[in-house]
Amino acid sequence: MKLCWWLLAWLWSGGVGFIQEPTPPVNGSRALQPTGYYDGWHALTTNQKKAAFDKCVRDQSRSLLRTSRTLGQDVDVRRMRAEVLERLQTLGKRVVVVVFYGRQRYMRILLHYLLRNLRTNGGVVDQIWFYMNTRQPEDVQYAKDLRANTSAVVLLQPDADLFSPSNFCNDLGRVKCRRSIQARLNQGWNYLRAQNATLYLRIDDDVLFLEDGALERLLHAKLFNPRYVLYSGNIVNSYQVPALHQLLGAWHVTNESHRFEFFGPGFTQCYMALAQHRNFLQNVFPLGATAVNHEAIRRYHFGLWDNTLCRCATAQKGFPRLALLGGYNCNPRSGLYRWSINLFVW
C-alpha cells in the first residue's frame, strides 16, 4: 500500500480555493476562529465533537457551493500579476520558491513551470531555492548542473552531520529514519524563518502541473488579505481537498461506497489516488488534444475554505498519529487536522 501510494506523483491545479490557517497573535500561539460549533470544545465528549465537526463540514460545504457558483469564471492573470509586483515593490519584498528537493525524475517536469514564473520570464518569482534532501549521486549532480546553468537557482545544503551516511534511512530503523528526516527539515525551516523581506512559496518536488496564474493567485491572497498567515494551494490528491472537488462535481467515483469524506479514510487508499489522477488527466489533458482544457480545470476552482473552522474529534482513519514527526493528524489540543503542505505561501 505504501509503495503504491508513493508511486503516484502530485498534481496541482491552480484556482480560487485556498486552505488556510489564521494569523497567530504576537506571542506566536495559534489563533483560533471563534465559532458557535465549538463553544466549550475541550469540555465536549468525543461523540459531541464528532457531531459538531460533521455539522460544521456540512454547513461550510453548502457555503462553498454557493460562493463557488457565483465566482467569475475567468481571472485576468496579467492584472493580478501587475498588482502583485506593485505591492511587492511597495513593501520591498522578493518572492522565493523553495523546493525540498530529492528527486530529479519529477523535478525535470516541475522545473519548466518554475522557470516560466521567474521575473526574467515575465513572472513573479525572483529565485528558486533547492533545499537538498538527497544523497543520490545522480539527483545531486542534476541540482548542481541546474545551479551552474541557471543564475536564479540556489542550492541550500543541510549541516554535514545531518547529511552523513549514518543519518540516512538506508542505514537507520524506521523511527530513527523519520527523526533524521525531521531534523533536516527543521533546519531548513529555521533558516527560512531567519530571512526577512521575503515571501516564500514552498512546493514539493513531485508537483507535476501548475495552472497558469496559480502562483499569482496565492501571492495576491497573501498580499491583499494578510488576515491569514498561510495560504495553501488547491491540490489534486491531498488530505482534504478531494472531498471538496467531489462536492463541486469536478470528479466522480464509480462506486458510491468509495466516496471521499472530508478527512475520511479515502486519502490512504491507492485506488482513490489513482482515480483522481486519471480523472484529472482525462479531462484536463484529453487524448489527442493540443492544449489544456481550461473549462475542465475551472470545475476544480472554489472559494475560500478556512481550515480552522471545523475542529476534528478523531484522527483520520488509516492515517496514524504523526508522533514520530512531532505532530498529529488530529491535534488533541487545538482540534485541528494536519493540512496539506504540498504548495503554500507565507
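Once amide H atoms are built 1.01 Å from N in the peptide plane, which residues 5 or more positions from E261, or in another chain, come under 5 Å H to H?
Counting only residues 5 or more places away or on other chains, the set is G266.
Please list, in chain and number order, the residues 5+ apart from T198 or on another chain whose amide H is under 5 Å from its amide H, with Hs placed from the backbone.
R94
So between R147 and A197, what do we pick up on full extension, going 0.36 nm a residue minus the alpha carbon distance?
The span from R147 to A197 would gain 15.7 nm if fully extended.
Could you go through the range 336-341 in sequence order and give the Karplus-derived ³J(HN,Hα) for each residue, using 6.51 cos²θ - 1.76 cosθ + 1.60 with θ = phi - 60°, rounded to whole Hz, and x for Gly and Pro?
Coupling constants for the range 336-341: 10, 6, 5, 10, 5, 10 Hz.
Relative contact order of the range 38-150: what whole-number percent is it, with Cα pairs under 8 angstrom and at least 6 residues apart?
Relative CO of the range 38-150 lands at 22 percent.
Tell me which residues come under 5 Å, amide H to amide H, from G303 once H is placed; ignore anything under 5 positions away on its chain.
Placed amide hydrogens put S68 under 5 Å from G303.
Quick check on packing: order 272-278, 308-314 by the mean number of other C-beta atoms within 10 Å, highest mean leading.
With the highest mean Cβ count within 10 Å placed first, the list reads 308-314, 272-278.
Among residues other than D59 whose Cβ falls under 13 Å from its Cβ, what is the net charge (Lys/Arg +1, Asp/Glu -1)?
Around D59, the charge tally is +2.
Residue by residue, what Karplus-based ³J(HN,Hα) values in Hz, rounded to whole numbers, does the range 89-101 have, using 6.51, -1.76 and 1.60 with θ = phi - 60° and x for Gly and Pro?
5, 4, 7, x, 10, 10, 10, 10, 8, 10, 10, 7, 9
For the range 196-253, run through the chymotrypsin sites (Phe, Trp or Tyr not before Pro) and keep only the ones in DSSP coil with at most 13 other Cβ atoms within 10 Å of their Cβ.
Counting only loop positions with at most 13 other Cβ atoms within 10 Å, none of the chymotrypsin sites (Phe, Trp or Tyr not before Pro) in the range 196-253 qualifies.
A short reminder: the numbers here are calculations on the coordinates, not readings from a lab. Since we're looking at a predicted model, the values are computed, not measured. Counting neighbours? That spans all protein chains shown, and the Cβs are built from the backbone with ideal geometry, glycine included.
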